[in-house]
């Protein structure tokens, strides 16, 4: 019995040995598992970090490629924007400069129409080009007038009725809104289309000091220091004067002057001046008026 008990008592010792052996194995297993987890996550982190870097590098490279691919379009866009700003600035200076009339926009087609080519002329009334009503009442001219004064508007020319109507409106607006006059200061205007555009008509204008009450001012639309007048313009001016003599609103022995002869300015421009000095009633002599 005792031996059996001894044998039985020796069993726990054997179990203790097994436990001693098993514990290190379990610890090693747990440590290996934790090591694998920790190092595995670090590896994943390294992978994610590397992958993110590659992704960002690809995005930067793609942005650079797009930029260099589109750099010509960007440069052209910037240049166009600068050109638009410069053009708008210059147009603003030109429109606001004195004695300049620039048609900004036409409400109707601006295609060139057939000019007047006859001994007659066509008169476009104030109503036909939508003139602004004048302020108050103007004094009538002392008819028949003794002097015919040839001037120019010193702005853009026109080649058809739509453009010329617009210029007539702009001139009147400038005279009334900027200069503060009661109406357009010119008696009549002649466009490059060969038509006569009524200004203040046979009422006292505001064009030439000391001559406003006994003269009719015919102003050609355009700047004729810069370019030649059209044949239709010159022919219409002559036809209009002849008709005025026939209707007894211009004296038969009228005197023709260039506007600049009486004001010291450049109107009606050298190109027109060179033409009218050969007309029958032009006078080189200017008699001063009190």
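Read-outs throughout are calculated quantities, based only on the coordinates presented, and are distinct from any laboratory measurement. Because the structure is predicted, anything quoted here is derived from the model rather than measured. We place every Cβ from the backbone using ideal geometry, glycine too, and count neighbours over all the protein chains shown.
Which of the residues spanning the range 255-290 are surrounded by fewer than 18 Cβ atoms within 10 Å (Cβ to Cβ), touching a strand residue (DSSP E or B) at 6+ places or on another chain (Cβ under 7 Å) and under 25 Å from residue 122 (Cα atoms)?
Hits for the range 255-290 are 255, 279, 281, 282.
In the list 227, 202, which residue meets the criterion of being farther than 18 Å from residue 167 by Cα and touching a residue at least 24 places away in the same chain (Cβ under 8 Å)? Outline the logic, then answer.
On the way: 227 fails: farther than 18 Å from residue 167 by Cα.
The conditions single out 202.
Looking only at the range 238-265, filter to residues that are assigned to a loop (DSSP other than H, G, I, E, B) and without any contact (Cβ under 8 Å) to a residue 60 or more places away in the chain; which one of those is farthest from residue 211 (Cα to Cα)?
Our first condition is that a residue be assigned to a loop (DSSP other than H, G, I, E, B); within the range 238-265, this holds for 247-249, 264-265.
From what's left, without any contact (Cβ under 8 Å) to a residue 60 or more places away in the chain: 247, 264-265.
Values: 247: 21, 264: 14, 265: 15 Å.
The residue in question is 247.
Restricting to the range 163-182, count the residues that are within 21 Å of residue 224 (Cα to Cα) and within 21 Å of the chain's Cα centre (by Cα). Before you say what the answer is, go through the steps one by one.
Our first condition is that a residue be within 21 Å of residue 224 (Cα to Cα); within the range 163-182, this holds for 163-172, 174-175.
With the extra rule that they be within 21 Å of the chain's Cα centre (by Cα), the set shrinks to 163-171, 174.
The qualifying residues number 10.
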